[in-house]
1. State all residues of segment 180-201 that are of a type outside the set (S, T, N, Q) and under 29 Å from Leu223 (Cβ atoms); if no residue qualifies, say none.
2. Take the residues in segment 219-245 that are free of Cβ contacts under 8 Å to residues at least 40 places away in the same chain and of a type in the set (D, E, K, R); name whichever of them is nearest to Lys268 (Cα to Cα).
3. For segment 331-363, enumerate the residues that are buried (at least 20 other Cβ atoms within 10 Å of the Cβ), under 22 Å from Gln286 (Cα atoms) and not acidic (Asp, Glu).
4. In the list Phe197, Phe173, Phe206, which residue meets the criterion of being farther than 30 Å from Tyr363 by Cα, assigned to a loop (DSSP other than H, G, I, E, B) and among the aromatic types (Phe, Trp, Tyr)?
5. Scan segment 280-300 for residues that are buried (at least 16 other Cβ atoms within 10 Å of the Cβ) and either in contact (Cβ under 8 Å) with a residue 60 or more places away in the chain or β-branched (Val, Ile, Thr) (or both) and jot them down.
6. In contact with a His (Cβ under 6 Å, 6 or more places away or on another chain) and not in a strand (DSSP E or B): does that describe Lys157?
7. Filter segment 51-85 for residues that are at pLDDT 95 or above and in a loop (DSSP other than H, G, I, E, B); which is nearest to Ala127 (Cα to Cα)?
8. Picking from Arg254, Arg274, which residue would you name as being of a type in the set (Lys, Arg), in a strand (DSSP E or B) and surrounded by 19 or more Cβ atoms within 10 Å (Cβ to Cβ)?
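The values are calculated or read from the model by the stated rules, or taken from the named source; none is laboratory data. Since the model is a prediction, treat every value here as computed from it, not as a measurement. As a convention, Cβ positions derive from the backbone with ideal geometry for all residues, glycine included, and neighbour counts pool all protein chains shown.
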Amino acid sequence: MRRIQNSIPAVTIMSLFTVTGMSSAADVDAVENWAKDVWSHAVLYENENNPILQKFAFTGRAQFDYVVIDGEGTTAGGPGRDLSYDNFNTRRLRAGFKAGLFQDFTLHVEADFDPDEDPFYRRLTDANLAWKPSDAFELKIGKQGMGFTLDGKTSSKELLTIDRSALSGNLWFSNEYIPGITVSGELGNWHYSTGFFSQGEQDNEFGEFNSGTSWVGTIGYDLSDMTGADTAVVAFDYVINEENPSSPALFTNRSFGQIASLNTIWEKDQYGFRGDVSFGDGFLGQPDVWGLVLMPYYDITDRLQLVARYTFLKSDGNDGVRYNGYDSIVVNGRRGDQYQEGYLGFNYYLYEHKIKLQTGLQYISMRDQANNGGAFDGFNLTTGIRFSW
């Protein structure tokens, strides 16, 4: 969430939003056809018959937001106050490459950049080598995403809401990209994933391997054959995180010894639903937290999608629940103990998830029993454009 100091991304957002007012479906189809042609150039080389290098592709994402927040909070132990924030922001800017090697291997290197900071380079995100001899087994070694909870294991390129839920913002390790070793695969209707990750002192690359490990395991089952749905997946994620001090900053950046998440995705025809119930066992002063997410959605057309979401979070002690994303700015990083959110948004897909426009209106309410400045009631309206390749 970095402020844009020049108007170019802002103008880009506003101009691209005019496509929703195009006079005909043919105009939108023309944009998609143009995008397909441009995006095809991201594949710099492809030859399945080459025994060494089968594919080399440019990868990345560029995400820009305009956000307006307006509400009322409290000063620490004092009266209420108006709280507001608005800005254009570069949400994410990443670029790198993927290379298919020796038929069964994939090398993925990608980095995070900030156009408003010096240096421009921020950190490595992905830097890993994967070996996948079959759908039943993939071994990945290196810096990679540590995925658990519904939104935590969903790429930011494919989120149905403008950003991840506060449940994942609180319980998932939002640093996300961590050195580790994972094994995953699919066996019939079952899918699984398990891995160990470094808790070492973090830096912009691989950090230090000096502070123990975190383990994550996922087991899921596809019920679509039984239910007649297009998609019907239920999964259980479980994390064991060694108790280590959080200073200096560690890669696994949430103080929970154990985290459990039961989540689901269901889709049939134009209707869909995603849900998550999660719990975290806190340590180092972090209270236990539990929460749920209910997210129904509906495809109005092939391109236009309506999404709603309800989020609830509660901690068993003061200041156990964090705000999510931009909302933390208006309260100066303070916390509360009970959070509720109602979200209503629209997605417009110009080229699947590769080019999409997203708008989300949230009503947010945070309770702060400690009365130390963490309470808030108000609205967040965020509009953005998402590119990925």
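1. Matches in segment 180-201: Val183, Gly185, Glu186, Leu187, Gly188, Trp190, His191, Tyr192, Gly195.
2. Among those residues, the one meeting the criterion is Asp230.
3. Selection gives Val331, Arg334, Arg335, Gly336, Tyr339.
4. Of Phe197, Phe173, Phe206, the one residue that is farther than 30 Å from Tyr363 by Cα, assigned to a loop (DSSP other than H, G, I, E, B) and among the aromatic types (Phe, Trp, Tyr) is Phe206.
5. Result: Gly280, Val289, Gly291, Leu292, Val293, Met295, Tyr297.
6. Taking the combined requirement at face value, the residue satisfies it.
7. Ile52
8. Arg274
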